[in-house]
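Asker: If you scroll down you'll find the structure; I have some questions about it.
The values are calculated or read from the model by the stated rules, or taken from the named source; none is laboratory data. Not measured: the values here are computed from a predicted model. Here the Cβ is made from the backbone with ideal geometry for all residues, glycine too, and neighbour counts use every protein chain on show. With ligands, DNA and RNA removed, areas are computed over all heavy atoms of the protein, side chains included. Shrake-Rupley method; radii C 1.70, N 1.55, O 1.52, S 1.80 Å.
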Amino acid sequence: MVHAYLEVAAYLQQDHPDNKPADVSALVQASGTFAEKATTVQHRPLAKAVKDAASAMARETLEAQHKSFEKVGAAMLALIAMEPPSSKVAATLYVMNCPMEHGDWLQTVPAVNNPFLPAMRTCGSVTKALPLSPAK
């Protein structure tokens, strides 16, 4: 699920002259599967929140997706706070913050690449590096 999230973030961090919306289907599917197979009751509603926010993004224009990606990020960060991903995802995950959008997102590198504001890619900062579980 984190891989799918990072793929959507990477897409939104790039310029797309054709204005083609991000394909969020892998994130919708992965978060739905995670919600179904969650071993704890607390994880299910958070995974469902990721799925619902990603599902809503699937019906939006690229411009709208930049704004609504904040909801996906908020749900993903809440889930990761309870269940950190394994180090198979990345060496480190960074929580980034955009002060203009008041939103957070995840990246695998500390250099800011804002998915919310295409015209202001470097707007934001690292708020923390997340500890990851040992790879299984």
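Asker: Under 19 Å between C-alpha atoms is the cut-off here; go through region 14-119 and count lysine pairs that meet it, provided they're at least eight residues apart or on different chains.
Answerer: On the way: 20/67; 37/48; 37/51; 48/71; 51/67; 51/71.
Step by step, the pairs that qualify in region 14-119 add up to 6.
Asker: Turning to a different aspect of this structure: Send over a whole-number figure in Å² for the accessible area per residue of the chain, probe 1.4 Å. Mind dumping the intermediate values first?
Answerer: Details: 7200 Å² over 136 residues.
Ligands and nucleic acids excluded, the result is 53 Å² per residue.
Asker: So, one more: According to a simple spin-label model (label point 7 Å from Cα along Cα-to-Cβ), what is the distance in nm between residue 125 and residue 20?
Answerer: 3.7 nm
Asker: Right, something else. How big is D, in µm² s⁻¹, for region 87-136 by Stokes-Einstein at 20 °C and 1.002 mPa s if Rh is the Kirkwood radius over C-alpha pairs?
Answerer: Value of D from the Cα-based Kirkwood radius: 189 µm²/s.
Asker: Let me ask something else. With charges set only on the Cβ (+1 for Lys and Arg, -1 for Asp and Glu), what does the dipole of the chain come to about its Cα centre, in debye to the nearest 20? Let's see the in-between values first.
Answerer: Details: 12 positive and 12 negative charges, 86 e Å.
Here the chain has a charge dipole of around 420 debye.
Asker: For the chain, evaluate the Debye formula with one uniform point scatterer on each Cα (no solvent term) and list log10 I(q)/I(0) at q = 0.17, 0.18, 0.21, 0.22 Å⁻¹, rounded to two decimals.
Answerer: The Debye formula, applied to the Cα set alone, gives -0.87, -0.98, -1.31, -1.42.
Asker: How much mean residue ellipticity at 222 nm does the chain get from its helices, if each DSSP H run of length 4 or more adds -39500 (n - 2.57) and you divide by all residues, to the nearest 500 deg cm²/dmol?
Answerer: Dividing the helical sum by the residues of the chain leaves -14500 deg cm²/dmol.
Asker: Something else now. Determine the share of region 15-136's accessible area contributed by carbon and sulfur atoms, expressed in whole percent, with a 1.4 angstrom probe.
Answerer: 57 percent
Asker: State the percent of C-alpha pairs, over all pairs in region 23-65, separated by a distance greater than 18 angstrom. Walk me through the intermediate numbers first.
Answerer: Details: 252 of 903 pairs.
Beyond 18 Å sits 28 percent of the P(r) for region 23-65.
Asker: Here's something else I'd like to know. Please build a GNM for the chain, connecting alpha carbons under 10 Å apart, and tell me which residue among 111, 35, 74 fluctuates the most.
Answerer: 111
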